[in-house]
Structures are given as structure tokens and as C-alpha cells.
Amino acid sequence: MTIKNVLVVDDSPTDRQFLSDLLTKNGFQVSTADNAEDALAKVKQARPDLVLMDVVMPGQNGFQATRTLARDEATKNIPVIICTSKGQDTDKSWGMKQGARDYIVKPVQAADLLAKIKALK
């Protein structure tokens, strides 16, 4: 699978901008959402190749949104990488159980994120 279009989901404008700039500079097309509800709608409409999902957001959290995507026939094959400040082993385990393909802890290191995306191909 070739990943070209990435949806960045994060309620922090700073984190959204950092991830968008990093991905754009590395040849990806990026769209953004600032909450899980908006992200779920955009995934259904735009069908990105990858979703980078924050966990701590107002309303529905990223674990819930990841589970929704993983259980929906229309979106279950779109990989989700959880990208969050929640770095406990229990958080990582829970995120993977919700259907995430990988998990990265903020602050994001560019090389780590790009390696995780490349590993999905």
C-alpha cells in the first residue's frame, strides 16, 4: 500500500501544524481535523491512506474514534497511528486493542514517525 494522503487529527493547533509541515515536506498530502467527530466524517468522505490520531481531545477521544474506524467495514482497512502524549504501556496496549496499527508518543521525532509510516507500506 502506498501512503500519500494523511489525515492528522489533533485538538492542538501547534501539534497539527508541526505534523502537517513535517508530512508535507516529506511528500504527503495532508488534511486535518481538530476533533474525533470531524475526523470520522472526513475519513468517510475523503478516504485517506493513513490517520494520525491524537487521544486526548474534547468530546470523543482518539481511542473511541480508532475503535469506530476499525469496526466499520468501509474504513477498517485505513491504518491508524495513534500519536499522543499518553505514553504508559497500558495506554499503548489499549490503543492497539482499539485497532491502531502503531503508536507514537509526543513529542514526535520526525525520523520515528516517518519510519512507522514507511513500515505500513
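Read the figures in this text as sums done on the coordinates, not as results from a lab. In this text the structure is predicted, and so the values were computed from the model without any measurement. Cβ coordinates were reconstructed from backbone atoms using ideal geometry, including for glycine residues, and neighbour counts include every protein chain displayed.
Run down the aspartates and glutamates and flag those whose C-alpha is under 17 Å from the C-alpha of LYS86, throwing out any fewer than 8 positions away in its chain.
Within the straight-line limit of under 17 Å, LYS86 reaches these aspartates and glutamates: ASP10, ASP11, ASP15, ASP54, ASP102, ASP112.
Tell me, what HN-Hα J-couplings in whole Hz come from the Karplus equation 6.51 cos²θ - 1.76 cosθ + 1.60 at θ = phi - 60° for each residue of the stretch 71-83, using x for Gly and Pro?
Here the 3J(HN,Hα) series is 8, 8, 3, 6, 10, 5, 8, 8, x, 10, 10, 6, 10 Hz.
Defining a contact as two alpha carbons under 8 Å apart and six or more residues distant in sequence, what relative contact order in percent does the chain show? Mind dumping the intermediate values first?
Details: 203 pairs, mean separation 27.7, N = 121.
It rounds to 23 percent for the chain.
Could you pull out the pairs from LYS4/LYS25; LYS44/LYS106; LYS25/LYS76; LYS4/LYS116; LYS25/LYS116; LYS44/LYS118 whose alpha carbons sit more than 20 Å apart here? Let's see the in-between values first.
Values: LYS4/LYS25 12 Å; LYS44/LYS106 27 Å; LYS25/LYS76 28 Å; LYS4/LYS116 14 Å; LYS25/LYS116 16 Å; LYS44/LYS118 23 Å.
Listed pairs above 20 Å: LYS44/LYS106; LYS25/LYS76; LYS44/LYS118.
Please say if the stretch 5-120 is rounded, prolate or oblate, where rounded means a/c under 1.5 for a ≥ b ≥ c the square roots of the C-alpha gyration tensor eigenvalues, and otherwise the choice is prolate for a/b larger than b/c and oblate otherwise?
Rounded shape, in that the Cα axes give a/c under 1.5.
If each residue of separation counts as 0.36 nm, what is the full-extension length gain between SER85 and ALA41 once their alpha-carbon separation is subtracted? It would help to have the intermediate numbers written out before the result.
On the way: separation 44, 0.36 × 44 = 15.84 nm, distance 2.41 nm.
Length difference between fully extended and current span is 13.4 nm.
Between GLN109 and GLN29, what is the FRET efficiency for a Förster distance of 22 Å, r being their Cβ-Cβ separation, to the nearest 0.05? Don't skip to the end; give the middle numbers.
On the way: r = 22 Å, r/R0 = 1.01.
Efficiency computed from Cβ-Cβ geometry: 0.50.
Can you list the trypsin sites (Lys or Arg not before Pro) in the stretch 1-104 that are in a DSSP coil and have 13 or fewer other beta carbons within 10 angstrom? Can you show the working numbers first?
Values: sites: LYS4, ARG16, LYS25, LYS42, LYS44, ARG67, ARG71, LYS76, LYS86, LYS92, LYS97, ARG101; in loops: LYS4, LYS76, LYS86, ARG101.
Hits after loop and neighbour filter: LYS4, LYS76.
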